[in-house]
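Written below as structure tokens is the structure these notes are about.
The values are calculated or read from the model by the stated rules, or taken from the named source; none is laboratory data. As the structure is a computational prediction, the values presented were derived from the model and not from experiment. Because the Cβ atoms are built from the backbone with ideal geometry, glycine has one as well, and the counts that use them run over all protein chains shown.
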Amino acid sequence: MAGMAGMTRATLAPVSTPGLPLALALALALGLLSSGAAGGALTPPGFAPEANPNAALLRAARNGDVRRLRKVVLETPSRWLDLDAALSTAASRARLPAMNFLVDLGATDLDRALVSAARWDHCGAVRWLISPDRAAPATALEAAQHAAGAMGSCNAEWLLLSVRCREEQ
């Protein structure tokens, strides 16, 4: 911290928040978003933290509640919804109907969802995400395999290894 004499850690906190992308940190610092009480999700302006639509979306995805997912999507402007985070959350619990619904709505980060499913040893979700029947299947097989291995998710690790070996032949 050379050249920053007189600055305290509290002064730097809004800008140096670990794990928070710079754009989100700046939006928080400028007051364009506020951090919500529900799971640390970001609250769009005009929403009370307890009524945060992203928190409700993630909760519905985690529970596999497609009816609630549909309700949140219909009631919230799409620019405030993080469908990719919801897809990753649904994949981490192997909620296949919710995953299908979110992909149909426009969630595109199947690689992140693949890593989430593999970490928690959800082979059904892994198969669904990498299926060649998908228009754009997840491709981060190596990253998902490493995540599965790090978590001790042997079934998902073996599945991903076997798929990778078949692809290399």
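When you check W128 against the structure, is it under 15 Å from the mean Cα position of the chain (by Cα), crowded, with 16+ Cβ neighbours inside 10 Å and on the phi < 0 side of the Ramachandran plot, yes or no?
No, not satisfied.
Could you tell me how many of the residues in segment 62-88 are surrounded by fewer than 16 Cβ atoms within 10 Å (Cβ to Cβ) and either in a helix (DSSP H, G or I) or of a type in the set (V, I, T) (or both)?
Result for segment 62-88: 8.
Need pairs with beta-carbon distance below 7 Å; first residue closer than 17 Å to V103 by Cβ and within segment 51-79, second polar (S, T, N, Q); sequence gap 6+ or separate chains.
As it stands, the answer is L58/T89; A61/T89; R62/T89, since those pairs meet every condition given.
Find the residue count for segment 113-125, including only residues that are surrounded by 19 or more Cβ atoms within 10 Å (Cβ to Cβ), of a type outside the set (G, A, S) and part of a helix (DSSP H, G or I).
Adding up the residues that qualify gives 3.
Identify all residues within segment 73-93 that are aliphatic (A, V, I, L, M) and more than 20 Å from T139 (Cβ to Cβ); write none if there are none.
Selection gives V73, L74, L81, A86.
What pairs can you find where one residue is in segment 86-100 and touching a residue at least 24 places away in the same chain (Cβ under 8 Å) and more than 13 Å from R67 (Cα to Cα), the other is polar (S, T, N, Q) and in a loop (DSSP other than H, G, I, E, B), and their Cβ atoms are less than 9 Å apart, with a gap of 6+ or different chains?
Going by the 9 Å Cβ cut-off, the qualifying pairs are L87/T108.
Which numbered condition trips up A144, out of (1) within 14 Å of A61 (Cα to Cα); (2) of a type outside the set (D, E, K, R); (3) within 15 Å of the chain's Cα centre (by Cα)?
A144 satisfies every listed condition except (1).
State yes or no: is A143 part of a helix (DSSP H, G or I), touching a residue at least 24 places away in the same chain (Cβ under 8 Å) and over 28 Å from R67 (Cβ atoms)?
For A143, the condition - part of a helix (DSSP H, G or I), touching a residue at least 24 places away in the same chain (Cβ under 8 Å) and over 28 Å from R67 (Cβ atoms) - is met.
Quick one: would you say S78 is modelled with pLDDT under 95 and among the small types (G, A, S)? Outline the logic, then answer.
Working: modelled with pLDDT under 95: yes; among the small types (G, A, S): yes.
So S78 passes the test.
Would you confirm, using the coordinates I've provided, whether A98 is modelled with pLDDT of 95 or more, in a helix (DSSP H, G or I) and buried (at least 17 other Cβ atoms within 10 Å of the Cβ)?
For A98, the condition - modelled with pLDDT of 95 or more, in a helix (DSSP H, G or I) and buried (at least 17 other Cβ atoms within 10 Å of the Cβ) - is met.
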